[in-house]
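Asks: This is the structure I want to talk about, given as structure tokens.
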Amino acid sequence: MTLTDPAQTLAALIRCPSVTPEEGGALTTLSGMLSELGFTNDRVTFSDEDTPDVENLYSRLGSSGPHLMFAGHTDVVPVGDAGAWTQDPFSGAIFDGEMYGRGAVDMKGGIACFVSALARLIKKKGPPKGSVSLLITGDEEGPSINGTEKLLSHAAAKGEKWDAAVVGEPTNPDRMGDMIKIGRRGSLSGTLTVEGTQGHVAYPHLADNPLPGMMALAGALLDPPLDGGNERFPPTNLEITSVDTGNPATNVIPARCTAKFNVRFNDQWTPDSLTDELRRRLDQAAADAASQGQRSPVRFTVSFAERASPSFLTRDDALIEALSAAVEEATGRMPALSTTGGTSDARFIKDYCPVVEFGLVGKTMHMVDERVAVSDLETLTGIYELFLERWFESAVAR
């Protein structure tokens, strides 16, 4: 295998069936590649109650600063119906200019391109004047408990410090060069329960239907909008994702109704301020319902997930400019600087150093026939190589 060829490095990783939480040979394959480039590898397994053990990899080349981290994950989501794939999901087969396989874009492809970019740079100019590390988890597509967060803490406890980081998630919506992620919205999940009294629908005076109360409270969560967004972030968005009474009968008034919701919030909120606002809205809606003559008070409880993810924004101009310039040089397009999308492991890394995200086109991630254009692998490898040169030149000069 030639490490300078991203198609070869990616195919080797795709052939490892590393469905979360299984390592599947992916970290072994990757650590072998990195050893060939001169990296030292630290394989570590983390455990936690009620979650599967997860293997992780931390590799470093160099011993001095400046220090750049590349972060990612080798675990992948299940293939779904393997029979629906036109190519074996763990083959890395190339058909009509595209490589097929689970993880092709999310995100073994990003890892493969970074390894090949390093291999090309080392072959042409030698190792960077500083240090490069790869922080790779096997837990990103799962609970995210025994992965990046613990691996960062483990490395930091051993004295590791980083000046900047790049996460290789697929950030481009349509074509290479579209978008760099310079921050992420926060995420908060909650459960709202309205209590009632079960009874026969023909005798409503003997029961208390929780659904009218749920509709009033859910409406208060949704309206008015939480904010209008700002120049850095889109508006905060709350989505009710399920409403359930657990009642299969049409002639029974249910005893309770439960709704689940998720909020993707911008930097106008913290998890604490957002939960305070949502509780205020619910209390007000319950009081309003009582004042408007609802037959009985709205009895409700609301709980929020303990692991809320805060929003963040990266303001490291040198990091952003080095990556933007590399993208523009390689593609001819100036990428948008965005905070859209879901959460990623960047939410953990931002506590240690400035972090941005840039990778492949994500159109087929998690789908049947996940695939990547071989030409995009070449483009991303070129971008990473240019970025490495620019960032280290700038960082050494500072």
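The values are calculated or read from the model by the stated rules, or taken from the named source; none is laboratory data. What you see is a predicted model; the values in this text were computed from it and never measured. Ideal geometry is used to build each Cβ from the backbone, glycine not excepted, and the neighbour counts take in all protein chains shown.
Asks: Among what's in the range 211-230 and is within 31 Å of the chain's Cα centre (by Cα) and among the hydrophobic types (A, V, I, L, M, F, W, C), pick the residue that is surrounded by the most Cβ atoms within 10 Å (Cβ to Cβ).
Replies: Taking the range 211-230 as the starting set, the residues that turn out to be within 31 Å of the chain's Cα centre (by Cα) are 217-230.
Of the ones still in play, those that are also among the hydrophobic types (A, V, I, L, M, F, W, C) are 217-218, 220-222, 226.
Details: 217: 24, 218: 20, 220: 19, 221: 21, 222: 14, 226: 21.
Applying the filter and picking the extreme gives 217.
Asks: Still on this structure: Residues in the range 106-120: is at least one surrounded by fewer than 24 Cβ atoms within 10 Å (Cβ to Cβ), among the aromatic types (Phe, Trp, Tyr) and closer than 23 Å to residue 65 by Cα?
Replies: No, the range 106-120 contains no residue that is surrounded by fewer than 24 Cβ atoms within 10 Å (Cβ to Cβ), among the aromatic types (Phe, Trp, Tyr) and closer than 23 Å to residue 65 by Cα.
Asks: Output the qualifying pairs, or none if there are none: Cβ atoms under 7 angstrom, residues six or more apart or on different chains, first residue in the range 194-216 and touching a residue at least 12 places away in the same chain (Cβ under 8 Å), second residue of a type in the set (S, T, N, Q) and surrounded by fewer than 19 Cβ atoms within 10 Å (Cβ to Cβ).
Replies: Close Cβ pairs satisfying both conditions: 200/251; 201/251; 207/197; 207/198; 208/197; 208/296; 212/294.
Asks: Can you confirm whether residue 307 is assigned to a loop (DSSP other than H, G, I, E, B), of a type outside the set (Phe, Trp, Tyr) and closer than 30 Å to residue 391 by Cα? If you could, list the steps in order and put the result at the bottom.
Replies: Numbers: assigned to a loop (DSSP other than H, G, I, E, B): yes; of a type outside the set (Phe, Trp, Tyr): yes; closer than 30 Å to residue 391 by Cα: no.
So residue 307 fails the test.
Asks: Here's another thing I want to ask about it. Among 88, 139, which is the only one that is out of contact with any helix residue (DSSP H, G or I) (no Cβ under 6 Å at 6 or more places or on another chain), buried (at least 24 other Cβ atoms within 10 Å of the Cβ) and over 21 Å from residue 37 (Cα atoms)? Spell out how you get there, then give the answer.
Replies: On the way: 88 fails: buried (at least 24 other Cβ atoms within 10 Å of the Cβ).
Only one candidate passes the filter, namely 139.
Asks: Okay, next question. Which of the residues belonging to the range 239-270 are touching a residue at least 40 places away in the same chain (Cβ under 8 Å) and assigned to a strand (DSSP E or B)? Outline the logic, then answer.
Replies: Applying the first criterion (touching a residue at least 40 places away in the same chain (Cβ under 8 Å)) to the range 239-270 yields 250-270.
252, 253, 256, 257, 258, 259, 260, 261, 262, 263, 264, 265, listed by residue number.
Asks: Pairs, please: C-beta under 7 Å, at least 6 apart or cross-chain, first residue farther than 15 Å from residue 14 by Cα and in contact (Cβ under 8 Å) with a residue 24 or more places away in the chain and in the range 76-92, second part of a loop (DSSP other than H, G, I, E, B) and of a type outside the set (Val, Ile, Thr)?
Replies: What qualifies is 86/369.
Asks: OK, next. Out of all the residues in the range 339-368, which are among the β-branched types (Val, Ile, Thr) and buried (at least 18 other Cβ atoms within 10 Å of the Cβ)?
Replies: Within the range 339-368, 339, 349, 355, 356, 361, 364 qualify.
Asks: Also: If I go through the range 245-270 residue by residue, how many of them are within 16 Å of residue 212 (Cβ to Cβ) and in contact with a Ser or Thr (Cβ under 7 Å, 6 or more places away or on another chain)?
Replies: So the answer is 6.
Asks: Counting residues that are of a type outside the set (Phe, Trp, Tyr) and more than 22 Å from residue 355 (Cα to Cα), which strands (runs of 3 or more DSSP E) fully inside the range 1-109 reach at least 1?
Replies: 40-48, 51-61, 98-100
Asks: What are the pairs, 6+ residues apart or on separate chains, where a residue within the range 108-129 that is over 18 Å from residue 24 (Cβ atoms) has its Cβ under 6 Å from a residue that is assigned to a helix (DSSP H, G or I) and of a type in the set (Val, Ile, Thr)?
Replies: Partner pairs satisfying both residue conditions: 113/381; 116/9; 116/381; 117/381; 129/396.
Asks: Considering every residue within the range 184-191, establish whether at least one is outside the structural domain of residue 373 (by TED's automatic domain parsing), at pLDDT 95 or above, over 20 Å from the mean Cα position of the chain (by Cα) and farther than 19 Å from residue 341 by Cα.
Replies: yes
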